[in-house]
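First up is the structure itself, then whatever we jot down about it.
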Amino acid sequence: MRAGMDRKLSRSDVLKVARLARLKLSDGEVDDYTEKLVSVLAYVDSLNEIDTEEVEPMVHAVELSNVFRPDQVRASLSREAALSNAPKTDGQFFLVPQILDAE
């Protein structure tokens, strides 16, 4: 299902996509979405007219940088402090409900 210069998006295309997405649309919504999607696809198709021959492919539109601080060894909480607010503990470990069957 490709709209654009060679084929116009049809109402049945929108109904098919809605069915695949498990969307229940009224007749008015189908007509509305058909019109809107035709407009979106026409805009995307117009982007093919732009000369991108000299543009280098990129993964992200903006430069990314790591915002994390460097790892540093620091003193951690004592066992007692870490367990002090736990709902359940045996004094050494956190006690949590079992979620997997023991086999």
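The values are calculated or read from the model by the stated rules, or taken from the named source; none is laboratory data. As the structure is a computational prediction, the values presented were derived from the model and not from experiment. Glycine also receives a Cβ, built like all others from the backbone with ideal geometry; neighbour counts cover every protein chain displayed. The area values use the complete protein model at the heavy-atom level, side chains included, leaving out ligands, DNA and RNA. Shrake-Rupley method; radii C 1.70, N 1.55, O 1.52, S 1.80 Å.
Approximating the spin labels as points 7 Å out from Cα along Cα→Cβ, the Ser26-to-Ala81 distance works out to 6.0 nm. When the inverse distances between all different Cα atoms of the chain are averaged and flipped, the Kirkwood radius reads 21.0 angstrom. Charged side chains reduced to their Cβ positions (Lys and Arg at +1, Asp and Glu at -1) give the range 47-103 a dipole of some 920 debye around its Cα centre. Comparing Asp45, Asp13, Asp71 in a Gaussian network model of the chain (Cα springs below 10 Å), the most mobile by mean-square fluctuation is Asp71. Summarising the label geometry, the points placed 7 Å from Cα in the beta-carbon direction at Ser39 and Asp90 lie 6.4 nm from one another.
Charging the Cβ of each Asp and Glu at -1 and of each Lys and Arg at +1, and nothing else, the dipole of the chain about its Cα centre rounds to 620 debye.
Annotation: amide H-H contacts under 5 Å for Thr89 (H modelled 1.01 Å from N, sequence separation of 5 or more, or interchain): Leu95. Here r is the Cβ-Cβ distance between Val59 and Val17 and R0 is 22 Å; the resulting FRET efficiency, rounded to 0.05, is 0.20. Taking Leu77, Leu41, Leu15 as the candidate residues, the one with maximal mean-square fluctuation in a Gaussian network model of the chain, Cα springs under 10 Å, is Leu77.
Taking all protein chains as present, what is the carbon and sulfur share of the accessible area of the chain, in % to the nearest whole number, probe 1.4 Å?
For the chain, the apolar C and S fraction of the accessible surface comes to 56 percent.
Solvent-accessible area per residue in the range 42-100 equals 107 Å², computed with a 1.4 angstrom probe and all protein chains kept. Counting heavy atoms of the protein chains alone, Arg79 has an accessible area of about 120 Å² for a 1.4 Å probe. For the charge dipole of the chain, defined by +1 on Lys and Arg C-beta atoms and -1 on Asp and Glu C-beta atoms about the Cα centroid, which residue among Leu20, Ala86, Thr34 has the Cα displaced farthest towards the positive pole? Value: Ala86.
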